[in-house]
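The values are calculated or read from the model by the stated rules, or taken from the named source; none is laboratory data. Just so you know, these numbers come straight off a predicted model, no measurement behind them. Positions of Cβ are backbone-derived with ideal geometry, glycine not excepted, and every protein chain shown enters the neighbour counts.
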Amino acid sequence: MRDLQQAKDLFFQGVELFESGQLEAAHGLFEQALVLAPGRPSVLLNLGISRMRLGRWQEAAAPLRESLKSQPDQLDGWVALGMALNRLGELEEALQAYQQVQRLAPQQAQGWGEAASLLREMHRRDEAVTCYEKALELEPDHELYRYYLSALRGQGGPAQPPRAYVQNLFEQYADDFEPHLLGALQYRGHSHLIEQLPAQTPPHFAGVLDLGCGTGLCGPLIRPRAGELWGIDLAQGMIEQARQTGVYDHLQQADAAQFLSSCQQPWQLVLAADVFIYIGALEPLFEQLARLMPAHSWLAFTAELDESGQDKPRLLPSLRYAHPLRYLQNCAQAHGFDWHSHHQAPLRLDQGEPMLALYAYLQRR
């Protein structure tokens, strides 16, 4: 009896700490409470949720599953389990968890929206469309649901993605981004883009801007040719990873267009590796680059080509934008850039197959 009372005291102390944001301390108290009250569903639930909030996805799943076996109507438990399993790549079981959320809270958009996103990742597009439609019916002003649905329906999409989508995507994956990109996806866009800089480019650039620098893959490669090297990215987590390379002179969390619009520094080289696919309409970006890049400076970028015959960027079901070659060339011409050269080469793997990208090199007139 004394153990049970002590377990309750520890549990309630843990809840207070959890609610105040002290997740590590709360987690420790939940673990102690579980030792004194093994198998208690409320303790298992809070232990699993605290581990999920701490990013301990594998450790979170087991207590959540155990708690839900005895109390299958715990909405928070199914939501947390769905999130943990999604991060672990166990998409089918994550989908089942969110289907339980739909069962328990059919008038809440979250279960439908999360299930839709999983179905989209699993390439079950018709089912994903149905779930997104239901989510939007329940939450009509949800910008991201509209964006995802537009991509799946092939409607072209908005000219720009919602900022929250891009920022959340890369904040979420900042820690695992580089190993996954270079390992599982065999990404080489950064190295190929820099290796293939035209012979006409100078051996040294006074100012280099790594636009959408991510974790800093381009930085070490261009550092020997850069006087002052800047990197900007929308996700603070990416900026922190790039800082660990130790090669950038300046790093800043910023939206590309906003950064450029407030910038006065001239750039002799601007790199944009795997960036335009998350921007869409490029006219505002080119306008600012034209203002900041002096004559004979260079712009090097990658893009995913759209060969569907459209004349503007198209949002794909992958949530990336593809750009027609003619559109890119028109943007360059309209803003004072000479289209020096381009070629197609592998960027990374997509569904296990090499994905070709456009590598383009422009010079400011």
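Pull out all pairs, ordered by first then second residue, where Cβ-Cβ is under 7 Å, the residues are six or more apart or on different chains, the first lies in region 204-221 and is in contact (Cβ under 8 Å) with a residue 60 or more places away in the chain and under 17 Å from LEU299 (Cβ atoms), and the second is of a type in the set (Asp, Glu) and not in a loop (DSSP other than H, G, I, E, B).
Pairs that qualify, where the first residue is in contact (Cβ under 8 Å) with a residue 60 or more places away in the chain and under 17 Å from LEU299 (Cβ atoms) and the partner is of a type in the set (Asp, Glu) and not in a loop (DSSP other than H, G, I, E, B), are ALA206/GLU228; GLY207/GLU228; GLY212/ASP233.
Would you please list the contacts, defined by Cβ atoms under 6 Å and residues six or more apart or on different chains, that run from a residue in region 313-335 that is outside the structural domain of MET122 (by TED's automatic domain parsing) and more than 16 Å from GLY154 (Cα to Cα) to a residue that is assigned to a helix (DSSP H, G or I) and hydrophobic (A, V, I, L, M, F, W, C)?
So the pair list comes out as CYS331/PHE286; HIS335/PHE286; HIS335/ALA290.
Does ALA256 satisfy the criteria of being modelled with pLDDT under 95 and assigned by TED's automatic domain parsing to the domain that holds LEU319?
yes
Just to check your reading of the model, which residue among LEU44, LEU119, LEU36 is in the same structural domain as PHE11 (by TED's automatic domain parsing), modelled with pLDDT of 95 or more and more than 27 Å from GLU139 (Cβ to Cβ)?
One residue alone meets the criteria, LEU44.
Among residues belonging to region 67-89 that are charged (D, E, K, R) and surrounded by fewer than 17 Cβ atoms within 10 Å (Cβ to Cβ), point out the one that is nearest to GLY111 (Cα to Cα).
Checked region 67-89; the qualifying residue nearest to GLY111 (Cα to Cα) is ASP76.
I need the full set of residues from region 277-290 which are touching a helix residue (DSSP H, G or I) at 6+ places or on another chain (Cβ under 8 Å) and in a helix (DSSP H, G or I), in order please.
Of everything in region 277-290, those that are touching a helix residue (DSSP H, G or I) at 6+ places or on another chain (Cβ under 8 Å) and in a helix (DSSP H, G or I) turn out to be TYR278, GLU283, PRO284, LEU285, PHE286, GLN288, LEU289.
Report, by residue number, each residue of region 221-252 that is surrounded by fewer than 17 Cβ atoms within 10 Å (Cβ to Cβ) and closer than 25 Å to ALA159 by Cβ.
GLN252
Do we find that ASP274 is acidic (Asp, Glu), crowded, with 20+ Cβ neighbours inside 10 Å and in contact (Cβ under 8 Å) with a residue 40 or more places away in the chain in this structure?
yes
Given region 101-196, what helices (runs of 4 or more DSSP H) lie entirely inside it while holding 1 or more residues that are within 18 Å of the chain's Cα centre (by Cα)?
Once the helices (runs of 4 or more DSSP H) in region 101-196 are filtered for at least 1 residues that are within 18 Å of the chain's Cα centre (by Cα), what remains is 109-121, 143-153, 163-172, 174-179, 189-195.
May I ask you to list pairs of residues, at least six apart or on different chains, whose Cβ atoms are under 8 Å apart, with the first in region 281-306 being on the phi > 0 side of the Ramachandran plot and the second being surrounded by fewer than 23 Cβ atoms within 10 Å (Cβ to Cβ) and not in a helix (DSSP H, G or I)?
From region 281-306, the pairs are HIS296/GLN363; HIS296/ARG364.
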